[in-house]
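The values are calculated or read from the model by the stated rules, or taken from the named source; none is laboratory data. All of these numbers come straight from a predicted model, not from anything done at the bench. Here Cβ is always computed from backbone atoms with ideal geometry, including for glycine, and neighbour counts include all displayed protein chains.
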Amino acid sequence: MTVRSGHPQQRGRSLFFMCVALIFVCTAGRLYLVSPFVASYDIANFTLAVGQYDLANLQPHFPGYPFFILLATGLARLGLEPVRALGIVSMLGFTSGLVPLYLLFKRRRFDTVRLLAAFTVVSTASLVVLSATGMSDGLALGVLCWFVWSVERARQGQFRLLPYLLFGLLMATRLSYAPFGIILLFLLWQSRRDAWQFVSETAVLLLAQLAWLLPVAFSVGGPASFAQLSLSFVTGHFSDWGGTAQTDQASLLERLGLTIKQMIWHGLGFATWIGLGSGLFLFCQRFRSFPLWWSVTGTGYFLWVWFAQNIDKPRHVLPLVLLLVILLVRRLSVRWLVPFLCIQLLIGSIALYQQATSTPATIQLAEAITGLPASATIFTDEEERQFLMARPDAMIVPIGSVSKWRAEPKSQEVYLTGRLLKRLRAADVPIEVTEVFRFTSDPRFEPEDAEAWLYRLKLNKEALR
């Protein structure tokens, strides 16, 4: 009788460790397929910051992302290329989120179903593919998973100070996740009747922020210089054309529609019908709603994305996608988990390979400019650093405003990028050009940079002004 009763437990334990082995294999594959490309303006800034951290020179841009850069710099010193070091840190950080999710889901030791549920969350194609780039989002999503777990433990009276420390780490990784601090107000409300506990938790919350803010501030000369730099960045970021055309011109209703589209189509479905179908199928299953404190926090972040973020970039809705997938899979049985997991693994694996092996349009354009005459002047919007990495000797001039464009002298060999041309025409600047190069790449990876053009300027009296 004893031997027979032990067989199901042994089989369950064996299945658990088989799943663990599968997770390690998938993680190794994801690390191998980290993107080697400096595919965007932000990645270029991060890459330069790994070599020389200089916030005043936008290496990286404000607020500095010190935790992300610190970890990547450590890997780069082991011999990795900076952009790959960034991607590996991002991927490892995101994958680490499996541990707190499993601890949240599990009901017993060696709980294979809950391990699969946690693995399903960190296998969501859109989250995985973005985590395999030189952006900080993957690491931030992983820290967010740890933060969610710590909040739930703190609500039960365990590790009360941990959420405040992890929130400081989250802000040092990606400041735009600040609305998740709403949940800390619920924790502070719990401790309101114990004055000492309330004061100590508030103090830890403040100290956790100062722990990363002060080093970054002193790297640019001190708190006063840091405040001036932050004001300058915010003013420049939201003035003239400091955003996208979509962000500047869209109504609130259009922004709402785009936010939902980014969550469902690009987030849950990763711009594929099979991914979208599997995601929507989960909505047909029975699930419990989030508790009040997480519902309020999630709503706060949704409003933040809707009103204040650049919603042309799907990565800004990824925390909402993460919460949505957690909501959908946490109580599903194996018969629903396995198909969804398999579909996400298939979509994600194919996309990872494509992202790692297909040259982005902006990089193709950066390589193409090496064939231009040595006397050429190339005016850009945000592509300056990517172009200089391909051709350090070229005359690259970034343009951030109409006044800057008009102030720059124009020669006979003047070229400008499609992004800049779009900005100028949106500002009603009369300009005549002829197309020289055009490149395209998969819009799932860098939607704003999926097409790249280079034009030659037709000089006339207006262009010379």
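Considering each residue of the stretch 169-188 in turn, at least one proves to be over 29 Å from Ile311 (Cα atoms) and touching a residue at least 12 places away in the same chain (Cβ under 8 Å). Of the listed requirements (1) farther than 30 Å from Gln158 by Cα; (2) in contact (Cβ under 8 Å) with a residue 60 or more places away in the chain, Leu58 misses just one: (2). No other residue among Phe119, Phe68, Phe37 is of a type outside the set (D, E, K, R) and under 19 Å from Thr173 (Cβ atoms) apart from Phe68.
When residues in the stretch 48-88 are screened for being at pLDDT 95 or above and among the polar types (S, T, N, Q), 1 of them pass.
Loosely packed, with under 15 Cβ neighbours inside 10 Å, farther than 15 Å from Lys458 by Cα and touching a helix residue (DSSP H, G or I) at 6+ places or on another chain (Cβ under 6 Å) - does that describe any residue in the stretch 412-427? Yes, there is a match, as at least one residue in the stretch 412-427 is loosely packed, with under 15 Cβ neighbours inside 10 Å, farther than 15 Å from Lys458 by Cα and touching a helix residue (DSSP H, G or I) at 6+ places or on another chain (Cβ under 6 Å). Counting the residues of the stretch 53-62 that are buried (at least 20 other Cβ atoms within 10 Å of the Cβ) and not aromatic (Phe, Trp, Tyr) gives 3. Scan the stretch 62-91 for residues that are within 18 Å of Thr27 (Cα to Cα) and within 14 Å of the chain's Cα centre (by Cα) and the total you get is 6.
Which of the residues spanning the stretch 301-340 are closer than 23 Å to Val143 by Cβ, charged (D, E, K, R) and over 12 Å from the mean Cα position of the chain (by Cα)? Arg330 - this is the single residue of the stretch 301-340 that is closer than 23 Å to Val143 by Cβ, charged (D, E, K, R) and over 12 Å from the mean Cα position of the chain (by Cα). Going by the conditions given, is Ala368 at negative phi and outside the structural domain of Phe437 (by TED's automatic domain parsing)? The answer is no for Ala368. There is at least one residue in the stretch 432-442 that is at pLDDT 90 or above, closer than 30 Å to Trp265 by Cβ and in a loop (DSSP other than H, G, I, E, B).
Of everything in the stretch 16-52 that is farther than 23 Å from Thr380 by Cα and of a type in the set (Val, Ile, Thr), the residue that is surrounded by the fewest Cβ atoms within 10 Å (Cβ to Cβ) is Val25.
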